[in-house]
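Only one structure is covered here, and it is reproduced in the block below.
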Amino acid sequence: MLLGMTEILETLFGSKAKTRILRFFLLNPEKEYRIAEIAQKNMLSSSTAKKEINELRKIKFITQHIKKRVKYFSLDQSFYFYFELKSLFAKSASSPQCKSLSKIKSIGDVKLALLSGIFLNYPKSKVDMILVANNVSRRKLKSVMSGLEAEVGKEVSFVLMNSDEFKYRIDMLDRFLLDFIEGTHLELIDKIPGFKRFILGRKKY
């Protein structure tokens, strides 16, 4: 059985919690967070997040700052293996094998799901995902996106539209959509008749 990058990293680093926190700080190196934020963004309990943060502070991977009696934590970019770990986790974040991607279809009647950006390590893309879906459950959408962000370690930018809006924008040759389609992307779900033919036609230009 082939293992995804996430499973490999969890085995190497000992736990899902530690892997998520390592990835989270490495992909957000300039920011600082409170324990509650770290726990929430990585879908961990506060006690688990605090335990992992304390261990990572011991090896000087994370530093602590106190502002108005509140503790904030950030990545110490002088950490000895910073660049090696950053490269490793950047590669894992760009893997389109996230478990939560399989749950996209649960948000409603999904007609199209296209991936780019962080999922394919393609920084030129303006968004990470385009979704075309009808009868969307906002609750399920929020749950799926939270799971994805916890897995990849960064906020996932996406555009959501229904079938009518998508058809209108395609007919109008909307530049935003064309740039996305003509750039590097992966089709996760495609239930729109003629869409593959449309893409092939655009690639001839």
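The values are calculated or read from the model by the stated rules, or taken from the named source; none is laboratory data. Small disclaimer: the values here were computed from a predicted structure and weren't measured. A quick note on method: Cβ atoms are made from the backbone with ideal geometry, for glycine too, and the neighbour counts reach across all protein chains shown.
One line per residue, one yes/no per condition, for (1) more than 20 Å from the chain's Cα centre (by Cα); (2) buried (at least 18 other Cβ atoms within 10 Å of the Cβ):
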site: Glu149; (1), (2): no, yes
site: Gly153; (1), (2): no, yes
site: Ser157; (1), (2): no, no
site: Ser163; (1), (2): yes, no
site: Phe166; (1), (2): yes, yes
site: Asp174; (1), (2): yes, no
site: Gly183; (1), (2): no, no
site: Lys191; (1), (2): yes, no
Glu84 vs (1) modelled with pLDDT of 90 or more; (2) acidic (Asp, Glu); (3) over 20 Å from Glu149 (Cβ atoms): all pass except (1)
Could you please let me know if Ser116 is farther than 18 Å from Ile189 by Cα and either surrounded by 13 or more Cβ atoms within 10 Å (Cβ to Cβ) or not assigned by TED's automatic domain parsing to the domain that holds Asn28 (or both)?
no
Does Ile35 fit the bill of being among the hydrophobic types (A, V, I, L, M, F, W, C), out of contact with any helix residue (DSSP H, G or I) (no Cβ under 9 Å at 6 or more places or on another chain), modelled with pLDDT of 90 or more and not assigned by TED's automatic domain parsing to the domain that holds Gly153?
no
With the condition kept exactly as written, say whether any residue in region 102-116 is of a type in the set (Asp, Glu), part of a strand (DSSP E or B) and touching a residue at least 24 places away in the same chain (Cβ under 8 Å).
yes
Name every residue in region 158-185 that is part of a helix (DSSP H, G or I) and in contact with a Leu (Cβ under 8 Å, 6 or more places away or on another chain), in order of residue number.
Phe166, Arg169, Ile170, Phe180, Ile181
Exactly one of Phe25, Phe79 is over 30 Å from Phe180 (Cα atoms), buried (at least 16 other Cβ atoms within 10 Å of the Cβ) and hydrophobic (A, V, I, L, M, F, W, C), and that residue is Phe79
